[in-house]
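Structure first, commentary second.
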Amino acid sequence: MFMRRPIGITFLGILNLTDALRAFGLALGFLLAPHLLSSILVWFDNSVAPFSADEYGLAHRVLYFFLACLFGVLFFIYAWGFWRLKNWARVICIFFCICDLAMATGGALSPLPYLLSEKLAPVFWPHSHFVMSGLLGSLLNYMAATIVLAYLLRFPVKQAFGANPGEWKWITGVAALALISLGHSLYKSGPELEAIRWHARHGDQIFVNGVSFPVYYWHVPTIYGRDSGFSITDLRPGPLRPRSEDSFMSLDVLGFREDQNSLTVDQLVDQKIQYFGKSGYTKFNKFHLNIAKQTLSCMSENEFGSHGPVYCYGEGPIFSIYFVGGERSSKLFEFIMSAAK
């Protein structure tokens, strides 16, 4: 007997059909217009590194074309399974939802919340990195996974798919493992939970000799004395944080002179260059960094890329800055420095 398709199943089918169309669009972009595709991806998600046809070449682009087409075909079959009420499509979706809840993957149903958060985040800085693209983004994905999971386990939906009455046994077992895994994820998220506590007590700003610096919400600064400086070390993000690219960052901002000598800030920069030069490094960059109303003299070591350590020196209220981090952390560093006031 014909069973009418529930409206929620129709929605899930359309959602996966859009994923299939997006995969086919990416496939054509990789093959025919890589520069345009790169610009679009970077605009949507600024953590994506730009790529070019020259960098990857035709062979790589053809490979990506076939891989994206493969995913497009799989999504299309997945959407067709929902549309035709095939129970295997429902079982696969249940599995994805449980993975979202268990392994803190966040976004197995749709990456749209993260894409939108990247565009909205600058408006709400510094809360944005916690609220828009951080914990709230994860919670929204968990809520979506929970709602879809509960919906797929409803009796009318199971009846529409012609599900096996005994399937609740293995689903219950997998769900139990998911809860255990989720508890383990929370246990591993100690640094994130500590960051939430720190910002609840101290807010989102830190002062060094009257200069205010915004504090990224997943960071917990170590404060030197009273308004004399701070240090941030971010190495191992926990599962609560949705983007592992935020890791690998060390930042020191001092409101006092470490080395009590008569060297000028430019001499301190040259001294640091000489130090690296003696160790065999040859690629350096000298520049100036404006913080509030102060200009600091800086150098960066670029032997292994454009994101080497940065050393800056000034005459006060900020006397020295040290930073090292990856590409995304470098953007965060630039944003923190430009937002200081």
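Values quoted throughout were computed directly from the atomic coordinates according to the rules given, and no laboratory measurement underlies them. Note that the structure is predicted; figures quoted are calculated from it, not measured. For neighbour counting, all protein chains shown are included, and Cβ atoms are generated from backbone atoms with ideal geometry for every residue, glycine included.
Counted residue by residue at 0.36 nm each, then reduced by the alpha carbon distance between them, the extension gain from LEU186 to SER231 reaches 13.7 nm. Over all Cα atoms in segment 196-339, the spread is summed up by Rg and Dmax: 15.5, 47 Å.
Where Lys and Arg each count +1 and Asp and Glu each count -1, what net charge lies around TYR224 among other residues with Cβ under 11 Å from its Cβ? Result for the neighbourhood of TYR224: -2. For PHE82, neighbours were defined as the other residues whose beta-carbon sits under 13 Å from its Cβ, and their charges (Lys and Arg +1, Asp and Glu -1) total +3.
Please work out the FRET efficiency for the pair ARG4 and LEU32, using the Cβ-Cβ distance as r and a Förster radius of 45 Å; give the result to the nearest 0.05. Result of the calculation: an efficiency of 0.60.
Modelled spin labels at TYR275 and ASN164, positioned 7 Å past Cα toward Cβ, are 6.6 nm from each other.
Taking Cβ atoms as reference points and 15 Å as the exclusive limit, the residues near LEU15 contribute a net charge of +1, counting Lys and Arg as +1 and Asp and Glu as -1.
Here the label points at LEU58 and PHE207, each 7 Å from Cα along the C-beta direction, are separated by 6.4 nm in the simple model. Spin-label model, THR295 to LYS86: label points 7 Å out along the Cα-to-beta-carbon direction sit 6.6 nm apart.
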